[in-house]
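All remarks here apply to the structure that follows.
The values are calculated or read from the model by the stated rules, or taken from the named source; none is laboratory data. Keep in mind that what you see is a predicted model, and the values were worked out from it rather than measured. Here the Cβ is made from the backbone with ideal geometry for all residues, glycine too, and neighbour counts use every protein chain on show.
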Amino acid sequence: MNEGSAGVIDPYAMLGLERDASGEAIRLAWRKAAKGAHPDAGGDTDHFNRLQIAYELLQDPVRRRVYDDTGYDPQLADPKDLEGVLMLESLVNEVILDEREPGSFDPVAAMRRKLSDDIVKSRFHILELERHRARVRKHIDRLGRRPETDVLGSMLRARSEAIADAIRKTEKQIETIEHTYTMLEGYSYEVEVLAPLEEVEMDVAEPQRGEAAE
């Protein structure tokens, strides 16, 4: 959560604090900054409001922990960003648990592939749901009506609506995955370039030939 993220400031930078600042240090920094920024003292209202937001965020242990872990304020961030953060957190955990040597693979590319695969799977799932719902609708159209309570018709209509709800949820999930993918834009990762096996073997063999010549 910084100036480039939905226009929200970094609370630590706003109050001139280190990230490990104590509660007392936060209060002192707030009082010092607010004293000259208060509108009654001729300060700018917008600047004072930003100081107030920064102070409230850092004084709330839950909001501060979420900000420290994600860079987002849970009360001010776009819900889509928070959903994306949760999805990225899961992907980051997978990278941390990957036992391959850092630099031997590109974790950012792996995250992008995982998100892309999830989008494809979700779209395929929607197609399956739509086919299933179409079959239910055909059953409803062909079902003879009883003069009493239409138990079977009610059940089939309820099933059709449940499938429609599942489709809507999956579409929402796709939107979240796509938004999460955009949050990875701009990132790159330096992967070590290993020499081809043939070159490595030649490097190892060369001293042996030299030793034999001696």
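Points to keep in mind about this one:
- Near pairs, Cβ below 8 angstrom, 6+ apart or cross-chain, from the stretch 86-112 (in the same structural domain as Asp68 (by TED's automatic domain parsing)) to any residue that is modelled with pLDDT under 95: none
- Identity of the residue in the stretch 98-119, surrounded by fewer than 12 Cβ atoms within 10 Å (Cβ to Cβ) and modelled with pLDDT of 95 or more, that ends up nearest to Ser160 (Cα to Cα): Asp117
- Here Ile167 does not qualify as hydrophobic (A, V, I, L, M, F, W, C), surrounded by 12 or more Cβ atoms within 10 Å (Cβ to Cβ) and touching a residue at least 60 places away in the same chain (Cβ under 8 Å).
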